[in-house]
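Colleague: Following this message is one structure expressed as structure tokens.
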Amino acid sequence: MSATVLTARALLLDMDGTLVNSDAVVERCWRRWALKHGLDPEAALKVVHGRQGYATMAVLLPDRPVEENYADNRVMLAEETADVDGVVPVGGAPAFMAAIADLPHALVTSADSALATARMTAAALPMPAVRVTAEQVGASKPDPEGFLKGAAELGFGPADCIVFEDSEAGIAAGRAAGMRVVGVGPRAAALSPDAHVEDLTQIRVESAEDGTIRLHISAA
């Protein structure tokens, strides 16, 4: 079985679709929202992943006042936070998080702090000490702000970081930040990340004495 090896000093991790499978909740909530606003739910679901809710709404309803998007987004976040039915870890996520526990890493998610906590808890995954949530950025992915903030908080430059992402918006954000990207799951496959895995079972983490992180990525 062939393997790719990537080296880094720090890892920046998206949450939904990367560490946690929350697709069932996301689809339930966004289907309801789309139908309420006379939109095709299937078309809506093509753009929801990776972005903050207000940014998705701006794409789907471009003529609507931004204040309405922010208001709707607050309602959406409350609904999603209360609904953890079907939220489970992505394959290999528990072992992966255990392997990087003592290595520089941060969560960089479009979820707010309450939603991130609810989903990581539901999936029984440890919450990274360093995290960049929706409250801490002025611009949603695909803007690179979140990843750049995560790298800065860990004390590393973009070239030293590897991003783990599943969505088009997230992968674009990682690239815009000047970072290499490991794409996770089916959404990432067609987006030409630096490496792609179906889930985190395909990654073995090794750390060197000098602090270098080596990611051994097995072919699917």
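Colleague: What does the accessible area of T81 come to, in Å² to the nearest 10, when a probe of 1.4 Å is used?
Modeller: 40 Å²
Colleague: So, one more: Write down the percent of antiparallel bridges among all DSSP beta bridges whose residues are both part of segment 1-156, to the nearest 5.
Modeller: Values: 2 of 8 bridges.
Restricted to segment 1-156, the bridges split so that about 25 percent are antiparallel.
Colleague: Which whole-Hz couplings ³J(HN,Hα) result when phi for each residue of segment 173-184 is put into the Karplus expression 6.51 cos²θ - 1.76 cosθ + 1.60, θ = phi - 60°, listed in order with x for Gly and Pro?
Modeller: For segment 173-184, the Karplus-derived couplings read 5, x, 5, 5, 7, x, 10, 7, 10, 9, x, 10 Hz, x marking Gly and Pro.
Colleague: Once neighbouring chains are kept in place and the probe is 1.4 Å, which whole percent of the accessible area of the chain is contributed by carbon and sulfur? Write down the numbers at each step before the final one.
Modeller: On the way: 5130 of 9600 Å².
Carbon and sulfur atoms account for 53 percent of the accessible area of the chain.
Colleague: Could you work out the local net charge near E209, counting Lys and Arg as +1, Asp and Glu as -1, over the other residues with Cβ closer than 14 Å to its Cβ? Intermediate results must be reported in sequence, preceding the final value.
Modeller: Working: positive: R9, R214; negative: D102, E206, D210.
Here the count lands on -1.
Colleague: Return one whole number: the accessible area per residue of segment 9-135 in Å², for a 1.4 Å probe. Present the calculation step by step, with values, prior to reporting the outcome.
Modeller: Details: 5440 Å² over 127 residues.
Solvent-accessible surface per residue comes out at 43 Å².
Colleague: What list of ³J(HN,Hα) values in whole Hz, one per residue of segment 13-21 in order, does the Karplus curve 6.51 cos²θ - 1.76 cosθ + 1.60 (θ = phi - 60°) give from phi, with Gly and Pro shown as x?
Modeller: Taking θ as phi minus 60°, the curve returns 10, 5, 9, 5, x, 10, 9, 10, 8 Hz for segment 13-21.
Colleague: Now a separate question. Tell me, what is the percent relative contact order of the chain, built from C-alpha pairs under 8 Å that lie six or more residues apart? Don't jump to the answer; show the numbers that get you there.
Modeller: Numbers: 436 pairs, mean separation 63.1, N = 220.
About 29 percent, as a whole number.
Colleague: A further question on this structure: Return a whole-number percent for the relative contact order of segment 14-71, with Cα pairs under 8 Å and 6 or more residues apart as the contact set.
Modeller: So the answer I get is 21 percent.
Colleague: Still on this structure, I have one more. Using the Cα gyration tensor of segment 5-85, with a ≥ b ≥ c the square roots of its eigenvalues, what is the shape: rounded (a/c below 1.5), prolate (a/b larger than b/c) or oblate (neither)? Walk me through the intermediate numbers first.
Modeller: Details: a/c = 2.07, a/b = 1.72, b/c = 1.20.
Prolate, because a/c is 1.5 or more and a/b exceeds b/c.
Colleague: Evaluate the distance, in nm, between pseudo-label points positioned 7 Å from the Cα of L103 and of V88 along their respective Cα→Cβ axes.
Modeller: 2.6 nm
Colleague: Full extension from L39 to L6: what is 0.36 nm times the residue separation minus their Cα-Cα distance, to one decimal in nm?
Modeller: Numbers: separation 33, 0.36 × 33 = 11.88 nm, distance 4.18 nm.
Gain in length upon complete extension: 7.7 nm.
Colleague: Amide H neighbours of V132 under 5 Å, at least 5 residues apart or on other chains, H built in the peptide plane: list them.
Modeller: Those lying under 5 Å, H to H, from V132 are L107, V108, T109.
Colleague: For the full complex of protein chains and a 1.4 angstrom probe, list D102, D83, D210 by accessible area with the highest value first. Don't skip to the answer; put the middle values down first.
Modeller: Working: D102 150, D83 30, D210 95 Å².
Solvent-accessible surface, decreasing: D102, D210, D83.
The values are calculated or read from the model by the stated rules, or taken from the named source; none is laboratory data. Since we're looking at a predicted model, the values are computed, not measured. Using ideal geometry, Cβ is built from the backbone for each residue, glycine included, and neighbour counts are taken over all protein chains shown. These accessible areas exclude ligands, DNA and RNA; they are computed on the full protein's heavy atoms, side chains included. Shrake-Rupley method; radii C 1.70, N 1.55, O 1.52, S 1.80 Å.
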